[in-house]
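Have a look at the structure below, then the notes.
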Amino acid sequence: MKINSDLCTGCGKCNVFCPVGAIFKDQGKNISVIDLEECVECGSCLRQAKCSVDAIYQQELAWPRSVRSIMSDPLTITKESGIAGRGTEEMKTNDVTGRFRYGYVGVGIEMGRPILGTYFSDVEKVAMAVASYGVEFETRNPLTSLMSDQSTGKFQDELLGEKVLSTIIEFTIPVEKMLGLLEVLKDVSEKIDTVFSLCFVSRLGDDEVIPISHILDEAGVWYAPNGKANVGLGRPLFIEKGELV
Amino acid sequence: MTHTLHRVGNAESLRRDIVFTYMPSNNINHVGSAPIIRRFLEMCRDLGAIKIGDTRKGNEYVQGSLENMLNNIEDRAVVEAVFDNEEKAIIALKALKEADLGLSLVVSGLFEQTRQCCSKAGLKMHTVNQSLGRWGRTDKLPDGAVLELNTMCGHGMVAVSLIEQAIEKVKARKWTPEKAAENLFKCCICGIINITRAAEIFKALTKENEKEND
């Protein structure tokens, strides 16, 4: 995103809308300026500031900078998922897709969330760490398609200097590998210069007991008391082999 | 795998923060789903949701009006309804079960509360997504009210600077807590900020500020 310096009146009203604090006041020229290194092309300033002189404008985004908009603007519809946003249908439609089965854990590592954003160099560090643990990345996730080698978690080199508001590393593992994965994540979390928010998806049985909670409790791993629950209203329901209906 | 997940807050505050997400699945039940999605939103609105929103095309402010938002719903939309009241959420769940519209519904909130709400509506949790919190350079993050308000927007569109500005204006009595909450909501493209909860957070900050100044 850019601000036309000929039009900007320096009112500064747009500055507060930037989620990554990339808009600043050039005191010498008395105009607002966008730091293009920090800007993640989310579109928030253009949509929300409603600049009275239309000084904010979307410049043409060429590759690889265009990845910033793809991952940061919630209204972007990606071809891999077909839905708006940087994620996938994930557990939201698991009642009809059966994507997450009994005995497995779906994992979402949302790099850069909350607030800080992330460079792809940090995304690559985490992706390569979990790849070395033997995970297979979700192919419907737009992030996976940006990897130059999905077996190692390596990204295309030209992406490493690009910054996005957040992006999700997504895969599924057997429950037995869950605690080992947490060790890998603890180690790599000390090597990055941003944050990630971590989530685990589980298929519940008829008793509605979350099958991984007792494992996390015994290992002393914190998890939130709130979260998301698919309540099984989708049709046709996916039935796992051997499952009683 | 996130969106309405990772909302930060204490249990008392989160108890009034229940978000429904409704969507079809690609190549399974998405064809012709737009009118069904619209009916879901209208049912939730009529049964007491404080806000409804559309992730695919944007909230009521992005689209100009609530009517535009409802008229523009597409087959692959992902939509949301926010409740600040457990009883109303239960009534909506019962109505949705009865209506049997056929698309997937996700309820976000305290798991124990969701389990009880589902039980009263004759539903069961099928699949859950748990948050294991924030990892890495958490020392760079704000805490308290700023983080609670920021994490109500799953796409991180509500800037810390905007939240801080709103806090200052509420403390200075230039904005009411409700106006501050609505202003944050405008930035949340999907419309999942709980304006009741956000206003309560602003009110609590005002009380703290008054105590400090006494």
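The values are calculated or read from the model by the stated rules, or taken from the named source; none is laboratory data. Since the structure is predicted, the reported quantities are computational estimates derived from the model, not experimental observations. Cβ atoms come from the backbone with ideal geometry, glycine included; neighbour counts cover every protein chain shown.
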Conditions (1) at pLDDT below 95; (2) facing chain A (nearest Cβ under 7 Å); (3) surrounded by fewer than 24 Cβ atoms within 10 Å (Cβ to Cβ): number failed by B:Cys190: (3)
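Looking only at residues that are in a helix (DSSP H, G or I) and in contact with a helix residue (DSSP H, G or I) (Cβ under 6 Å, 6 or more places away or on another chain) in segment B:58-94, which one is nearest to the other protein chains (Cβ to nearest Cβ)?
Initial filter on segment B:58-94 (in a helix (DSSP H, G or I)): B:66-71, B:86-94.
Next cut, in contact with a helix residue (DSSP H, G or I) (Cβ under 6 Å, 6 or more places away or on another chain) only: B:70, B:89-90, B:92-94.
On the way: B:Leu70: 17, B:Ala89: 11, B:Ile90: 12, B:Ala92: 12, B:Leu93: 7, B:Lys94: 12 Å.
Per the criteria, the residue is B:Leu93.
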Between a residue in segment A:43-71 that is at negative phi and any residue that is surrounded by fewer than 19 Cβ atoms within 10 Å (Cβ to Cβ) and of a type in the set (Phe, Trp, Tyr), which pairs come within a Cβ distance under 9 Å, given they are 6 or more apart or on different chains? A:Leu46/A:Tyr57
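Across segment A:162-187, what is the total count of residues that are within 17 Å of the chain's Cα centre (by Cα) and either β-branched (Val, Ile, Thr) or more than 24 Å from B:Gly154 (Cβ to Cβ) (or both)? Step through it out loud before you land on a result.
Keep residues of segment A:162-187 that are within 17 Å of the chain's Cα centre (by Cα), which gives A:162-172, A:185.
From what is left, the residues that are either β-branched (Val, Ile, Thr) or more than 24 Å from B:Gly154 (Cβ to Cβ) (or both) are A:164, A:167-169, A:172.
Total meeting the criteria: 5.
Yes/no matrix, rows are residues, columns are (1) out of contact with any Pro (no Cβ under 8 Å at 6 or more places or on another chain); (2) of a type in the set (Phe, Trp, Tyr):
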position	(1), (2)
B:Pro142	yes, no
B:Ala145	yes, no
B:Thr151	no, no
B:Ile167	yes, no
B:Lys171	yes, no
B:Trp175	yes, yes
B:Gly191	yes, no
Of the conditions (1) more than 10 Å from chain B (Cβ to nearest Cβ); (2) crowded, with 19+ Cβ neighbours inside 10 Å; (3) of a type in the set (A, V, I, L, M); (4) touching a Leu at 6+ places or on another chain (Cβ under 8 Å), A:Ala131 clears all except one; give me its number. (4)
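Sort out which residues of segment A:58-89 are farther than 23 Å from A:Ser148 by Cα and charged (D, E, K, R), and write them in order of number.
The first filter runs over segment A:58-89 and keeps only residues farther than 23 Å from A:Ser148 by Cα, leaving A:58-60, A:73-75, A:83-84, A:89.
Within segment A:58-89, A:Glu60, A:Asp73, A:Glu89 qualify.
Residue-wise test of (1) buried (at least 24 other Cβ atoms within 10 Å of the Cβ); (2) not charged (D, E, K, R).
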{"site": "B:Met157", "(1), (2)": "yes, yes"}
{"site": "B:Val160", "(1), (2)": "no, yes"}
{"site": "B:Val170", "(1), (2)": "no, yes"}
{"site": "B:Arg173", "(1), (2)": "no, no"}
{"site": "B:Asn183", "(1), (2)": "no, yes"}
{"site": "B:Lys203", "(1), (2)": "no, no"}
{"site": "B:Glu210", "(1), (2)": "no, no"}
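Considering A:Val20, A:Val40, which residue is within 17 Å of A:Leu159 (Cβ to Cβ), crowded, with 20+ Cβ neighbours inside 10 Å, at pLDDT 95 or above and facing chain B (nearest Cβ under 10 Å)? Quick ask: steps written out before the conclusion?
On the way: A:Val20 fails: within 17 Å of A:Leu159 (Cβ to Cβ).
Step by step, each of A:Val20, A:Val40 is checked, and only A:Val40 is within 17 Å of A:Leu159 (Cβ to Cβ), crowded, with 20+ Cβ neighbours inside 10 Å, at pLDDT 95 or above and facing chain B (nearest Cβ under 10 Å).
Filter segment A:109-123 down to the residues that are crowded, with 22+ Cβ neighbours inside 10 Å and out of contact with any helix residue (DSSP H, G or I) (no Cβ under 7 Å at 6 or more places or on another chain) and list them by number. Reasoning before the result, please.
As a first pass, look at segment A:109-123 and keep what is crowded, with 22+ Cβ neighbours inside 10 Å: A:109-118, A:120, A:122-123.
Once the filter is applied, which keeps residues that are crowded, with 22+ Cβ neighbours inside 10 Å and out of contact with any helix residue (DSSP H, G or I) (no Cβ under 7 Å at 6 or more places or on another chain), segment A:109-123 yields A:Glu110, A:Gly112, A:Arg113, A:Gly117, A:Thr118, A:Asp122, A:Val123.
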Here the residues within segment A:42-69 that are closer than 30 Å to B:Glu182 by Cβ and among the aromatic types (Phe, Trp, Tyr) are A:Tyr57
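Look through segment A:88-113, keep the residues that are among the aromatic types (Phe, Trp, Tyr) and more than 7 Å from chain B (Cβ to nearest Cβ), and return whichever of them is nearest to A:Pro74 (Cα to Cα). Working first, answer last.
Kept after step one, since they are among the aromatic types (Phe, Trp, Tyr), are these residues of segment A:88-113: A:100, A:102, A:104.
Those left that are additionally more than 7 Å from chain B (Cβ to nearest Cβ): A:102, A:104.
Working: A:Tyr102: 31, A:Tyr104: 29 Å.
Filtering first and then ranking leaves A:Tyr104.
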